[in-house]
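Presented below is the structure to which this report refers.
The values are calculated or read from the model by the stated rules, or taken from the named source; none is laboratory data. Remember, it's a predicted structure, so these values are computed and weren't measured experimentally. Positions of Cβ are backbone-derived with ideal geometry, glycine not excepted, and every protein chain shown enters the neighbour counts.
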């Protein structure tokens, strides 16, 4: 390699150095630091040299932490509701708007309003709806229509609290799915539908044989975003139930916050973060693989 | 080409150095005293006091408000890690974390200043207000004994009752329930009159734990409570089961408002101020909150009705907030001087008058409204978790309070909760 080539290569490296350094500083370093934190006992206040190395004790404790696994199950339940009802609603509305219903543009704006609201604001709105006192909207209307016996403290009863949180999350989240699905539907060439109609396909057959196969990549994106977004839910819970009653609406992020803020266990919270990240990673990979298989078939 | 490369390198270095620069407040600290706090309702009064101090001494004091309190708390922790704490700040944490701040060298020991001129500064405070900032010799955290903060105000948490709603339910507003039986009876009378019983922020687990501890002190006394924290008495002890059972009693006698287990204290305060519940379990800070929401609210203050006559009824109390001086600040002495002035009689009286909070300086009590006097009268009998010789592990405290929520919603029995809490304590 002559001098000019070395200079050429060095120049290239120098050009990418700022990007690499920023990536290392703001992504790679925190990521590695998380692993380091997870094997130490540290309260986040004492100097780092006073942190105690505990090997994999936090991971072992996590396996036995019932409230953690309960929070995983509950986040899984909300995700299941979001994957089914939320996305079914988003798809139905996207199909309706794609068919050119009247005022479709206005609907697009309205449906996309909840996702742009902060989780805390959404929580406040639904706190008022579910409020157990007489000014709670839901209980007020139940009473007005003669179903007063159904009125209850929706967010405080174990049977209803998690479902209510899931409903709030779906209300807030369906706009995202709607926009992505609508974009996907609009990218399907109209000629395919015309060809299907000429071949004698009715609306259902067009949907089954044209829309669904061409929408598989979009479904994959929507499903992955729904899983990742819902499993990481927390702001709505903070604004409505604080994880209660008992542990009935706790989710992984609220448990991490409890470990960090409630008891200053940075190492334990980091171990939770790693396990949670790994689970989401595995779920996403499995989903992508399954989707690829479905598409091939 | 060389020039281009050099320019890129310089821009990159400037970028990196920008990332590493310290906060403005620290750099400029030699010119002014910077105070960080979380007390939204007191910001205006603090600014007024800062103006007065500037006129008196020529020293600029800047109050920087960061709210809500959990965000403030995270900010202080992050600043401690990066050595960018301001000259004066408050620590919102349990005593163990407070001790970590001290051991990391972030908090000045104020003992010698407090003891100057025959304990002049120290003796001005209610001892209950100062206690939380004191580390005695032989403390379990290994902190050098001393006084590490100056209290701003004091608080305690008691039972409030709405006099108008009492009248509507046929209860005597001048003689609120004094025993547990009378309390339960009041719950049923209120229910019969269509009035909600009690509201409180029991979705925030510390407040539900506070209510339980009040009764633990009343039923088993301080020594047994401390023995439990030490691990010498199990939570399955009949006295603790009795404490847990009180919540079942309250639920069964219609004393607890619907939704109380997920209620945040702000919502509870609104409900009490708007006369939607007859009882409120809240701190002395509520006086200012209620005044802001409903100046005509007619209410009284009482100790939670005693369950047992064996031990006195005690309530949680101590400083509402304290300020610490940054030991590493180049403005340390200026900050201490300001804090001394800030917590002295006239300034405390001004603060108490403007914000309707109990002053930490006992010489300033004459200006407080009558309703606050009731809180002040019971200050001597208060306890505070951070003043007990042993502190419970946060995980156990969480299980304890969440367990009580489970009792209230009828999901678990007092015995089951007691066993679960004890099992967790033994495992940790």
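Identify all residues within the stretch B:254-291 that are under 22 Å from residue B:379 (Cα atoms) and in a loop (DSSP other than H, G, I, E, B); write none if there are none.
Of everything in the stretch B:254-291, those that are under 22 Å from residue B:379 (Cα atoms) and in a loop (DSSP other than H, G, I, E, B) turn out to be B:284, B:285.
Which helices (runs of 4 or more DSSP H) sit wholly inside the stretch A:179-297 and have at least 3 residues that are within 14 Å of chain B (Cβ to nearest Cβ)?
Counting at least 3 such residues, we get A:235-240, A:252-257, A:266-296.
Quick one: residue A:168 ticks every box in (1) more than 14 Å from chain B (Cβ to nearest Cβ); (2) touching a residue at least 12 places away in the same chain (Cβ under 8 Å) except a single one, so which number is it?
So the condition that residue A:168 fails would be (1).
For the stretch A:56-75, how many residues are within 25 Å of residue A:170 (Cβ to Cβ) and within 12 Å of chain B (Cβ to nearest Cβ)?
3
Run residue A:145 past the list (1) away from every other protein chain (no Cβ under 14 Å); (2) under 30 Å from residue B:194 (Cα atoms); (3) within 20 Å of the chain's Cα centre (by Cα) and report the number of the one that doesn't hold.
Checking residue A:145 against (1) away from every other protein chain (no Cβ under 14 Å); (2) under 30 Å from residue B:194 (Cα atoms); (3) within 20 Å of the chain's Cα centre (by Cα), the one that fails is (3).
Hey, among B:209, B:194, which residue is on the phi > 0 side of the Ramachandran plot and within 14 Å of another protein chain (Cβ to nearest Cβ)?
B:194
What pairs come up if the first residue lies in the stretch A:1-25 and is more than 11 Å from every other protein chain (Cβ to nearest Cβ), the second is assigned to a loop (DSSP other than H, G, I, E, B), and their beta carbons are under 9 Å apart, counting only those six or more places apart or on different chains?
These pairs meet every condition: A:9/A:1.
What is the one condition in (1) touching a strand residue (DSSP E or B) at 6+ places or on another chain (Cβ under 8 Å); (2) surrounded by 12 or more Cβ atoms within 10 Å (Cβ to Cβ) that residue A:50 does not satisfy?
Going through (1) touching a strand residue (DSSP E or B) at 6+ places or on another chain (Cβ under 8 Å); (2) surrounded by 12 or more Cβ atoms within 10 Å (Cβ to Cβ) one by one, residue A:50 breaks only (1).
(1) at pLDDT 95 or above; (2) closer than 21 Å to residue B:221 by Cα; (3) within 11 Å of another protein chain (Cβ to nearest Cβ): which one isn't true of residue B:403, the others all being true?
Residue B:403 satisfies every listed condition except (2).
Suppose we filter the stretch B:248-282 for residues that are within 12 Å of chain A (Cβ to nearest Cβ) and under 16 Å from residue A:124 (Cβ atoms); how many remain?
Total satisfying the criteria: 10.
Might you check whether a residue that is over 15 Å from the mean Cα position of the chain (by Cα), surrounded by fewer than 15 Cβ atoms within 10 Å (Cβ to Cβ) and touching a residue at least 12 places away in the same chain (Cβ under 8 Å) occurs anywhere in the stretch A:214-230?
Yes, the conditions are met somewhere in the stretch A:214-230.
Out of the stretch A:61-72, which residues are part of a helix (DSSP H, G or I) and loosely packed, with under 12 Cβ neighbours inside 10 Å?
Residues satisfying the conditions are A:63, A:66.
Please tell me if residue A:110 is within 14 Å of another protein chain (Cβ to nearest Cβ) and either assigned to a helix (DSSP H, G or I) or touching a residue at least 12 places away in the same chain (Cβ under 8 Å) (or both).
no
Let me confirm something: among B:130, B:171, B:85, B:160, which residue is assigned by TED's automatic domain parsing to the domain that holds residue B:312, in contact with a strand residue (DSSP E or B) (Cβ under 9 Å, 6 or more places away or on another chain) and closer than 28 Å to residue A:262 by Cβ?
Criteria check complete, one pass: B:160.
Among the residues of the stretch B:86-103, write down those that are outside any helix (DSSP H, G or I) and more than 26 Å from residue B:334 (Cβ to Cβ).
The answer is B:94, and nothing else.
Please work out which one of (1) buried (at least 16 other Cβ atoms within 10 Å of the Cβ); (2) within 14 Å of another protein chain (Cβ to nearest Cβ) is the condition residue B:368 fails and give its number.
(2)
Out of all the residues in the stretch B:227-269, which are touching a residue at least 40 places away in the same chain (Cβ under 8 Å), over 23 Å from the mean Cα position of the chain (by Cα) and farther than 27 Å from residue B:425 by Cβ?
Scanning the stretch B:227-269 gives B:253, B:254, B:255, B:257, B:258.
Would you call residue B:411 in contact with a helix residue (DSSP H, G or I) (Cβ under 9 Å, 6 or more places away or on another chain), within 14 Å of chain A (Cβ to nearest Cβ) and more than 30 Å from residue B:96 (Cα to Cα)?
Against the criterion (in contact with a helix residue (DSSP H, G or I) (Cβ under 9 Å, 6 or more places away or on another chain), within 14 Å of chain A (Cβ to nearest Cβ) and more than 30 Å from residue B:96 (Cα to Cα)), residue B:411 qualifies.
All but one of (1) surrounded by 19 or more Cβ atoms within 10 Å (Cβ to Cβ); (2) under 18 Å from residue B:276 (Cβ atoms); (3) out of contact with any strand residue (DSSP E or B) (no Cβ under 8 Å at 6 or more places or on another chain) hold for residue B:200; state the number of the condition that does not hold.
Residue B:200 satisfies all of (1) surrounded by 19 or more Cβ atoms within 10 Å (Cβ to Cβ); (2) under 18 Å from residue B:276 (Cβ atoms); (3) out of contact with any strand residue (DSSP E or B) (no Cβ under 8 Å at 6 or more places or on another chain) except (3).
Hand me the list of helices (runs of 4 or more DSSP H) wholly inside the stretch B:1-83 holding 3 or more residues that are at pLDDT below 95, within 11 Å of chain A (Cβ to nearest Cβ) and within 25 Å of residue B:342 (Cα to Cα).
B:69-81
Which residues, counting only those in the stretch B:113-140, are closer than 19 Å to residue B:383 by Cβ and in contact (Cβ under 8 Å) with a residue 40 or more places away in the chain?
Within the stretch B:113-140, B:125, B:126, B:128, B:129, B:130, B:131, B:132, B:133, B:139, B:140 meet the criteria.
Considering every residue within the stretch B:234-248, establish whether at least one is at pLDDT 95 or above, within 18 Å of residue B:391 (Cβ to Cβ), buried (at least 21 other Cβ atoms within 10 Å of the Cβ) and touching a helix residue (DSSP H, G or I) at 6+ places or on another chain (Cβ under 8 Å).
Yes, the stretch B:234-248 contains a residue that is at pLDDT 95 or above, within 18 Å of residue B:391 (Cβ to Cβ), buried (at least 21 other Cβ atoms within 10 Å of the Cβ) and touching a helix residue (DSSP H, G or I) at 6+ places or on another chain (Cβ under 8 Å).
Search the stretch A:26-55 for residues being assigned to a helix (DSSP H, G or I) and over 29 Å from the mean Cα position of the chain (by Cα), and hand back the single one that is farthest from the other protein chains (Cβ to nearest Cβ).
So, considering only residues that are assigned to a helix (DSSP H, G or I) and over 29 Å from the mean Cα position of the chain (by Cα), the one farthest from the other protein chains (Cβ to nearest Cβ) is A:49.
Mind counting the residues in the stretch B:187-211 that are more than 29 Å from the chain's Cα centre (by Cα) and either assigned to a helix (DSSP H, G or I) or without any contact (Cβ under 8 Å) to a residue 60 or more places away in the chain (or both)?
Total satisfying the criteria: 7.
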